Amino acid sequence: MEYSTEQLVKSVQDGNRALYARLIQQYQQQLYVYCYQLLLQREEAEDAVQDVFIKAYEKLHQYTSGQSFSAWLYRIAYNHCMNMLKRQSRMKWISILTAPLKDQQHVEDGYAKVKQSELRTLSEQALLRLPPQDRALIVLRVVQEKSYEEIQEVIPISTALLRKKVERAKKKLRTIWLELEGNDHEYEQKLHQGAECKHARL
């Protein structure tokens with residue numbers, strides 16, 4: 001039997017707990033993507049999704065018919081991820097990501113490790129350097145292309161203030177992106193020059 005989201009929620013609220021698995025299946029993937037884009041750590045995003053579904057189940061009686069269940073779920077995920085970022089001081093990774101390699105004798109090996117083992121794209125590094133609240137706005141508005149009305153259901157602030165915050169976050173991200181892009185280009189040049197010097201000595 002096919003159920004709409006509203007019907008599934010109502011059935012679970014009425015005691016049919018088995019149907020909650022369908023809600024999990026319906027939203028698990030998009031919720032994981034959202035949590036990963038906020039936390040930028042695969043295992044933590046997986047843990048966050050599990051915690052969010054547990055919290056959502058415990059608070060399901062607070063959900064009222066007629067409101068967007070997706071936005072309600074996203075709001076729980078947003079609050080949970082923001083708390084995780086505060087607790088774990090995730091921004092400490094900035095110093096690791098941007099610090100120069102200490103072992104200059106093995107710079108090429110080190111470069112490969114940074115580029116491959118860290119599994120971080122330039123855009124992820126830029127997002128990581130944003131304050132968590134700004135990152136959340138960028139993820140919702142730019143990455144997931146949510147409307148301002150949808151974002152307000154997750155982050156309840158006035159439309160005018162929300163637009164200002166989004167624009168400020170975009171400017172910050174552009175500045176960070178250009179900085180990282182410039183550093184990356186300079187680093188490539190240094191590596192290339194180092195390789196040429198090495199071959200010349202040989």
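The values are calculated or read from the model by the stated rules, or taken from the named source; none is laboratory data. Not measured: the values here are computed from a predicted model. Positions of Cβ are generated from backbone atoms using ideal geometry, with glycine treated the same way; all protein chains shown enter the neighbour counts. What goes into the accessible areas is simple: the full protein's heavy atoms, side chains included, and nothing from ligands, DNA or RNA. Shrake-Rupley method; radii C 1.70, N 1.55, O 1.52, S 1.80 Å.
If a spin label sat at a point 7 angstrom from the Cα of Lys164 along the line to its beta carbon, the backbone N atoms of the stretch 123-149 nearer than 20 Å would be those of 131-138, 141, 148-149.
Net charge near Ser68: determine it from the other residues with C-beta under 9 Å of the C-beta of Ser68, scoring Lys and Arg +1 and Asp and Glu -1. Before the final figure, lay out the partial values.
Details: positive: none; negative: Glu150, Glu153.
Summing Lys/Arg as +1 and Asp/Glu as -1 gives -2.
Given R0 = 25 Å, the distance between the Cβ atoms of Gln133 and Ser4 translates into a calculated FRET efficiency of 0.15.
What relative contact order, as a whole-number percentage, does the stretch 26-88 give when Cα pairs under 8 Å and 6 or more residues apart are counted?
Value for the stretch 26-88: 38 percent.
The residues of the stretch 1-57 present an accessible area of 58 Å² per residue when probed at 1.4 Å with all protein chains retained.
Note on the stretch 1-86: the alpha carbon radius of gyration divided by the globular reference 2.2 N^0.38 Å gives 1.08.
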